[in-house]
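**Student:** This structure is in structure tokens; I'll ask about it shortly.
The values are calculated or read from the model by the stated rules, or taken from the named source; none is laboratory data. Treat the numbers as computed from the prediction; the structure is a model and nothing was measured. Because the Cβ atoms are built from the backbone with ideal geometry, glycine has one as well, and the counts that use them run over all protein chains shown. Heavy atoms of the whole protein, side chains included, go into the accessibility calculation; ligands, DNA and RNA do not. Shrake-Rupley method; radii C 1.70, N 1.55, O 1.52, S 1.80 Å.
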Amino acid sequence: MRPSLMRSASQLLRRRRSYSSASGQPERKVAILGAAGGIGQPLSLLMKLNPLVSSLSLYDIAGTPGVAADVSHINSPALVKGFVGEDQLGEALEGSDIVIIPAGVPRKPGMTRDDLFNINAGIVKNLCTAIAKYCPNALVNMISNPVNSTVPIAAEIFKKAGTYDEKRLFGVTTLDVVRAKTFYAGKANVHVTDVNVPVVGGHAGITILPLFSQATPSTNALSDEDIKALTKRTQDGGTEVVEAKAGKGSATLSMAYAGAVFANACLKGLNGVPDIVECTFVQSTVTELPFFASKVKLGKNGVEEVLGLGELSDFEKEGLENLKGELKASIEKGIKFANEN
């Protein structure tokens, strides 16, 4: 990567930062579990570029030494180590401030996020058992799908270990926000870097509810039909990529970017940067459901405040009611798996 490109990537991840990272910043260790996979590799690259990361720990069941060697040659400050196999998982995790989990199998054509459940649920359970043992105070960023179920699984595993802190467990739904921003900007003909769109609910199909009525900058250029189409496209964004890749992959690059954006927000929160707000799937009382994605203020202990939904349009109110049944079932499926296996 040319230096100018590296600087551009770093600047993108540093946006909204209010102070220099050149010196005096806390030492921060980030571990990526599943670092040799389709999401893990570009995510490892992006986290290596992040100036807030001092130590980058890359773990997978195979292939990690090569990924670590490759990424370690990039001339940015983070020190990179690769770990492979279960016997090295503890060393990979020890001392981590943030653990990002993209581990698991990707979606394939015709496969729903629910189809991923049996494989990925077991992977998540094993990894969270190790997190509870080796870095119980880390912020855990769950990417492994189905997030609507894997986050509740993680919560139950941490409860069993006596280490659960609802402020430190996040389902990464940032890709839904990234897509909503991109699609809205294209349709409304506004500059994408100025756009913000909250996305609430969950992280699969109809449980993804973009709140275009709260989008900024606001516009009168979009009809009700436009809003419905943008909502559907945001909900089906993963399928759009799977189909476009003709069965040879899923949304790995955009997901890696979204994961890096959210991890960066968590790092800034840990470091005391004020007013860091991102949408994420967390333990919540915003609705009657035990977990829900909404805007969350991040701070030195993870979740500082779970923010409300704000004013919804009639279309969004209907979408909210429609998603609750599916999201409730996914949450309960995760809890049941964690307690029966």
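**Student:** Take the alpha carbon gyration tensor of the range 187-341, find the square roots of its eigenvalues, order them as a ≥ b ≥ c, and report rounded if a/c is under 1.5; if not, report prolate when a/b exceeds b/c, else oblate.
**Tutor:** It is rounded, given that a/c, with a ≥ b ≥ c, falls under 1.5.
**Student:** Could I ask something else about it? Within straight cross-link reach of Lys48, meaning Cα distance under 12 Å, which aspartates and glutamates are found once same-chain residues fewer than 8 apart are removed?
**Tutor:** Asp70
**Student:** Turning to a different aspect of this structure: How would you order 281-292, 37-48 from highest to lowest mean count of nearby Cβ atoms within 10 Å?
**Tutor:** Result, highest mean Cβ count within 10 Å first: 37-48, 281-292.
**Student:** Treat each spin label as a single point 7 Å out from the Cα along the C-beta direction, and report the Glu288 to Glu27 distance in nm.
**Tutor:** Label-label distance for Glu288 and Glu27, simple model: 5.0 nm.
**Student:** Stokes-Einstein diffusion coefficient for the range 282-331 at 37 °C in a medium of 0.692 mPa s, Rh from the Kirkwood formula over Cα pairs: what value in µm²/s?
**Tutor:** 274 µm²/s
**Student:** With an 8 Å cut-off on Cα pairs and a minimum separation of 6 or more residues, tell me the relative contact order of the range 142-273 in percent.
**Tutor:** It comes to 22 percent, rounded to a whole number.
**Student:** Please compute the per residue accessible area over the range 198-245 with all protein chains in place, 1.4 Å probe, rounded to a whole number of Å².
**Tutor:** 45 Å²
**Student:** Then there is this: With N denoting the number of residues in the range 58-213, provide Rg(C-alpha) divided by 2.2 N^0.38 Å, to two decimal places.
**Tutor:** My calculation over the Cα atoms of the range 58-213 gives 1.18.
**Student:** Got the relative contact order for the range 271-341 handy, in percent, Cα pairs under 8 Å and 6 or more residues apart?
**Tutor:** 22 percent
**Student:** For Glu225 and Ala246, compute 0.36 nm times the residue count separating them, minus their Cα-Cα distance, and round to one decimal in nm.
**Tutor:** Answer, rounded to one decimal: 4.7 nm.
**Student:** With no solvent and one equal point scatterer per Cα, compute the Debye intensity ratio I(q)/I(0) for the chain at 0.07 Å⁻¹ and report its log10, rounded to two decimals.
**Tutor:** -0.26
**Student:** Let me ask you something else. Can you pick out the pairs among Lys297/Lys336; Lys228/Lys333; Lys245/Lys300; Lys245/Lys317 whose Cα atoms lie more than 32 Å from each other?
**Tutor:** Lys245/Lys300; Lys245/Lys317
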